[in-house]
Amino acid sequence: MKHKLVICAIGLLLAFFGISLYIYYICSKTNLTNSAKPDRAEAPFLLPSAKMHPTKAPKLEENPWAQHNAIAARFDTRVHFWGKVVDQAGIALEGVKIVASVTTLRMIKTKNGYQEYEVLEATTAPDGSFQFDGSAGMYLDIDALGKEGYVLPSAYQFGMSCVIGSKFRYQYSSIGDQEKAFTPDPSRPEIFHLWKLNKPEPLEVGGNSPGRNGPKFKVGAPPDPLRTISIMVSDVGTAQAPQWEVTVSALEADGGVVMADSSDIFMFQAPEVGYTHAIKLRYGLKGTDKSQNDPGAALRFFVRSNHGRWYAAREYDFFSPNRKGIVETKMRFWLNPNGSRNLEHDGGRPLRATNLSQ
């Protein structure tokens, strides 16, 4: 029995020794083979499978509008613009964000494709100033201007977009020089006003849709009643010097109307006194609606209802009559139905009055 165990042990040792010799032989052969191979960096000519190819530079994307832009650039002007933002008291405002766009006939590449305008952004400095420089185009629009807790005048709150028509447009050049070019002056920056909101109250706000959205009036017709006021347009001119007169009258015995001060661009506080039975405006062929190439005149006034039940601000643009003697208008209003003269409001966060006292 012992002999059998000894024989088995010797057999296992011999087998282990034989396997070890075989592994040693294989490893030695591998090392010799590898040592005979040249380094790729030292002898690349011995490695035909590793043929080197010159690296090609990435192909630059061609501008499909290059030829068009070369011609369109002739109508561009270098856009310089200096502005300043102040509050209702004329105090400079820091940190106001301004978004503008420069329109050109060229096609400018953006992440969304090619377009005919470039978007610019700026923030006011401690002295309220800001500027745009370095772009080229035909005109510049101030598309957005704001600071938390502040608002623009009512008309600008609802009209600062390309769809409705920018209220702040500066023409730098035009095809054929049809329009007078804007001349920027760093010593006389364009002034923009913001109103610091105090305590807005629920208002009824209306008439801010685009176009000539107001009522129409027939020249020479009787007064047209509009809630607590009436409006009438009369022809007071001649064939050589056309002129029209607008009369706004209060319909309530204790109500009244009063012209807004020309320096009051916000009309966010109705006056306490100064109301009369009627106000008048005369206008001729010098107007406000240049975009429509039609003269007109702006009329801005406050309305007080009977016994001060409510106060309102109204803005109208009256245009010259058409061939049928019809005068079209633009109109907007904001009204406080709670007997308060406070008319401040934020078009982006409106507080709507629901129970309007008639």
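Readers should treat all values here as calculations from the given coordinates under stated rules, not as data from a laboratory. Bear in mind that the values here come from a model prediction, so they are computed numbers and not experimental data. Neighbour counts are summed over all protein chains in view; Cβ atoms, including those assigned to glycine, are modelled from backbone coordinates with ideal geometry.
For region 66-196, the relative contact order is 32 percent, taking Cα pairs closer than 8 Å that sit 6 or more residues apart in sequence and dividing their mean separation by the residue count. Taking 7 Å steps out from each Cα toward its Cβ at K180 and W65 produces label points 3.2 nm apart.
Remark: S154, S187, S340 ranked as S187, S340, S154, counting other beta-carbon atoms within 10 Å and listing the fewest first. Extension gain for the segment I191 to V86, taken as residue separation times 0.36 nm less the Cα-Cα distance, is 37.1 nm to one decimal. Taking 7 Å steps out from each Cα toward its Cβ at R169 and S129 produces label points 2.9 nm apart. Of the residues R349, R314, the one with the fewest other Cβ atoms within 10 Å heads the list, and the complete ranking is R349, R314. Every Cα-Cα pair in region 202-334 was counted, and those over 27 Å apart are 17% of them.
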